[in-house]
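A.B. asks: Structure in structure tokens, see below.
The values are calculated or read from the model by the stated rules, or taken from the named source; none is laboratory data. Keep in mind it's a predicted model, so treat the numbers as computed, not measured. FYI the Cβ positions are ideal-geometry reconstructions off the backbone, even for glycines, and counts take in every protein chain you see. Keep in mind that these areas ignore ligands, DNA and RNA; they rest on the heavy atoms of the full protein, side chains included. Shrake-Rupley method; radii C 1.70, N 1.55, O 1.52, S 1.80 Å.
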Amino acid sequence: MKVLVVGKGGREHALCWKLRQSPRVQAVYCAPGNAGTAQEATNIEIEAHDIDRLVRFARQEGIGLTVVGPEEPLASGIVDAFEKERLRIVGPNKAAAELEASKVFAKELMRQFDIPTAEFRVFDDPDLAKKYIEARDHPVVVKADGLAGGKGAIVCSTKEEALAAVDRIMVEQAFGPAGRRIVVERRLEGQELSVLALVSGRTIVMLEPTQDHKAAYDEDRGPNTGGMGAYSPTPVGTPELMREIERSVLVPAVHGMRRLHRPFRGILYAGLMITLQGPRVLEFNVRFGDPETQPLMIRLKTDLCALLEAVVDNQLDTFAETGLEWDPRPAVCVVLASEGYPGPYQKGRTIFGLDRVAQMPDVKVFHSGTKFSDGRIVSDGGRVLSVTALGENLLEAKRRAYDAVKCIEFAGMFYRRDIADRAIRRLRLQQAGNEPGPTASSPGS
Ligand code: AMP
Ligand code: GLY
């Protein structure tokens, strides 16, 4: 079968890499892809938002399965357009993608179906939002309702910051129309956890727990980014906690979407804060996470193509019974970014050292933002590379990922040096017999 991956980041490179390993897959295409996906797939010059051309390409080329990486095409109805042409595609339709495209919709679903989340209010008037903030005696997070490339949530420590965030989103319209409405919610403390699940009908198959590092700099300082690194599995995601998350978050979300006549099919991603009171949902995404997908794909042993076909064909029960197969070794992914990201940054910087890393066993460099230029591979995004490594334990995986990072260079390259550190500390404590427990509090990551 021919498969098409839509998107151009590290997540899509990891999906292409994994799909290519499937005996069911005869050819992989990536639209538009990058210099990394070109190693695994045939890049097609069609942007992810160009739904009409993607449909035409899939029809003409006889694509048997399409997987969508980013949220925008899902929110614009790519699944509806493909299904109209009887083309098989993994992902929620436009109505169900609202779960990510509107934070207001997601919060109201959580309220209606008793899914644990931070207390909140919705506003379309900045003055009312400010009055509400003035009356709170706890810190808040101010969130634009619509899609904002993962940057629409402003975590505030003081009232002044929160009032400024309202102005930034609603008055200055920093995220455009996405900020016409906002959610103001209580700021939670705890460890963050990303739980991704495949969903089809009533069936839910959870992937292994992962953790992302959203802040730009070490020790979670600096602005939020799309994600500066990730690892899997996470010690915080104990089997008991994963069962609780399935029961209290995923099952009611899937049930709720059916009740609202928006049945969900595809990848459901719950971004959670594990607080002293238990797991709380920060957000839902309706797709694979980036960079969470990179450590997940390097560990997944189950045939990804068979798994995604099962989602589309309502056959996921088979996998729910047998479970998925994972490499037991942990994986760590370190994102190499361009100086300035998530603000303005330079592109077109030559990347050195990729061939040296290609020789390293159990290390894979997924490309996040690269392209070919005059026969060289150059940077082409804020996030440039996702250096991913397996190790016998988390510390070893981290060491190998950073050993590979040391071989790579481009002008203005920066990265976090503390990916997975908190988990490594936690494991040390556990080994010393000083188990902090899955709900122990520490500053949000
Ligand atoms: P979101 O786009 O809603 O996932 O928010 C992006 C990031 O902001 C999350 O990954 C958290 O790091 C942080 N965040 C969002 N909501 C909250 C909250 N209620 N309390 C603390 N941090 C939050
Ligand atoms: N890593 C966060 C996201 O994919 O939204």
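A.B. asks: Just need the Rg to Rh number for the chain, please, alpha carbons only, Kirkwood Rh.
C.D. replies: Ratio value, two decimals: 0.94.
A.B. asks: Got the relative contact order for the chain handy, in percent, Cα pairs under 8 Å and 6 or more residues apart? Could the numbers behind the result be given before it?
C.D. replies: Numbers: 1038 pairs, mean separation 75.6, N = 445.
Across the chain, relative contact order equals 17 percent.
A.B. asks: Residues with amide H under 5 Å of Thr225's amide H, sequence separation 5 or more or different chain, H placed in the peptide plane at 1.01 Å from N; which?
C.D. replies: The answer is Ala215, Ala216.
A.B. asks: At 222 nm, what value in deg cm²/dmol follows for the chain if DSSP H runs of at least 4 each add -39500 (n - 2.57) and the sum is divided by all its residues, to the nearest 500?
C.D. replies: On the way: 17 runs with 142 residues, N = 445.
Rounded to the nearest 500, it is -8500 deg cm²/dmol.
A.B. asks: On a 1.4 Å probe surface of the protein chains, which of Phe372, Phe288 comes out largest in accessible area, and what is the full order?
C.D. replies: Heavy-atom accessible area, descending, gives Phe372, Phe288.
A.B. asks: Among Val171, Val140, Val155, which one moves the most in a GNM of the chain with springs linking Cα atoms closer than 10 Å?
C.D. replies: Greatest mean-square fluctuation among the candidates belongs to Val171.
A.B. asks: What residue among Val249, Pro239, Val142 has its Cα farthest toward the positive end of the dipole of region 142-285, where the charges are +1 on Lys, Arg and -1 on Asp, Glu, each on the Cβ?
C.D. replies: Val249
A.B. asks: According to the square roots a ≥ b ≥ c of the eigenvalues of the Cα gyration tensor, what is the shape class of region 232-333, taking rounded for a/c under 1.5, prolate for a/b larger than b/c otherwise, and oblate for the remainder? Provide the component values of the computation, followed by the final result.
C.D. replies: On the way: a/c = 1.64, a/b = 1.03, b/c = 1.59.
Oblate, because a/c is 1.5 or more while a/b does not exceed b/c.
A.B. asks: Something else now. With every protein chain left in place and a probe of 1.4 Å, what is the accessible surface of Val205, to the nearest 10 Å²?
C.D. replies: 10
A.B. asks: Something else now. Give the carbon-plus-sulfur fraction of the accessible surface of region 268-419 in %, rounded to a whole number; probe 1.4 Å, heavy atoms of protein chains only.
C.D. replies: 46
A.B. asks: How many Å² of accessible area per residue for the chain, probe 1.4 Å?
C.D. replies: Details: 18450 Å² over 445 residues.
Accessible surface, normalised per residue, equals 41 Å².
A.B. asks: Further question on the same structure: Using a 1.4 angstrom probe on the protein heavy atoms only, line up His367, His261 by accessible area, largest first. Please report the intermediate quantities before stating the final value.
C.D. replies: Details: His367 5, His261 155 Å².
Putting His367, His261 in descending order of accessible area: His261, His367.
A.B. asks: Within straight cross-link reach of Lys143, meaning Cα distance under 18 Å, which lysines are found once same-chain residues fewer than 8 apart are removed?
C.D. replies: Of all the lysines, those that pass the test against Lys143 - Cα under 18 Å, at least 8 places apart if same chain - are Lys103, Lys107, Lys130, Lys131, Lys151, Lys159, Lys214.
A.B. asks: Could you give the distance between the Cα centres of region 111-146 and region 56-91, to the whole Å?
C.D. replies: 35
A.B. asks: Using 7 Å Cα-to-Cβ label points, what is the Lys151/Met360 separation (nm, one decimal)?
C.D. replies: It is 2.9 nm.
A.B. asks: Which residue fluctuates the most in the chain, going by a Gaussian network model with Cα springs under 10 Å, if the choices are Cys156, Cys333, Cys30?
C.D. replies: Cys156
A.B. asks: Okay, next question. I want to check the label-to-label distance for Glu189 and Tyr402. Put each point 7 Å from Cα in the C-beta direction and report it in nm to one decimal.
C.D. replies: The two pseudo-label positions are separated by 2.8 nm.
A.B. asks: If you don't mind, another one. Between beta-carbons, use under 11 Å as the cut-off and find the net charge around Lys159, counting Lys and Arg +1, Asp and Glu -1. Please report the intermediate quantities before stating the final value.
C.D. replies: Numbers: positive: Lys130, Arg136; negative: Glu134, Asp137, Glu160, Glu161.
Local charge sum for Lys159: -2.
A.B. asks: Divide, for region 140-250, the radius of gyration over alpha carbons by 2.2 N^0.38 Å, where N is the residue count. Could the numbers behind the result be given before it?
C.D. replies: On the way: Rg = 16.3 Å, N = 111, 2.2 N^0.38 = 13.2 Å.
Compared with the compact-globule rule of thumb, region 140-250 sits at 1.24.
A.B. asks: Order Arg356, Arg428 by their accessible area, 1.4 angstrom probe, all chains in place, largest first. Spell out each step's value before the answer.
C.D. replies: Numbers: Arg356 155, Arg428 135 Å².
Correct descending sequence by accessible area is Arg356, Arg428.
A.B. asks: Between Glu244 and Ala320, what's the calculated FRET efficiency when r is the beta-carbon distance and R0 is 25 Å? Round to 0.05.
C.D. replies: On the way: r = 18 Å, r/R0 = 0.72.
Calculated transfer efficiency: 0.90.
A.B. asks: Now for a separate question. With every protein chain left in place and a probe of 1.4 Å, what is the accessible surface of Thr234, to the nearest 10 Å²?
C.D. replies: We get 10 Å² for Thr234.
A.B. asks: If you find the alpha carbon centre of region 1-26 and of region 176-225, how far apart are they in angstrom?
C.D. replies: About 24 Å separates the Cα centre of region 1-26 from the one of region 176-225.
A.B. asks: Relative contact order for region 192-264: what percent, with Cα pairs under 8 Å and sequence separation of 6 or more? Don't skip to the answer; put the middle values down first.
C.D. replies: Working: 93 pairs, mean separation 19.4, N = 73.
Computed over region 192-264, the figure is 27 percent.
A.B. asks: Can you give the accessible area of Lys347 in Å² (nearest 10), computed on protein heavy atoms with a 1.4 Å probe?
C.D. replies: Here the residue's solvent-accessible area equals roughly 110 Å².
A.B. asks: Would you work out which of Met297, Gly266, Pro342 lies farthest towards the positive end of the dipole of region 249-357? Charges go on Cβ: Lys and Arg +1, Asp and Glu -1.
C.D. replies: The one lying farthest along the dipole's positive direction is Pro342.
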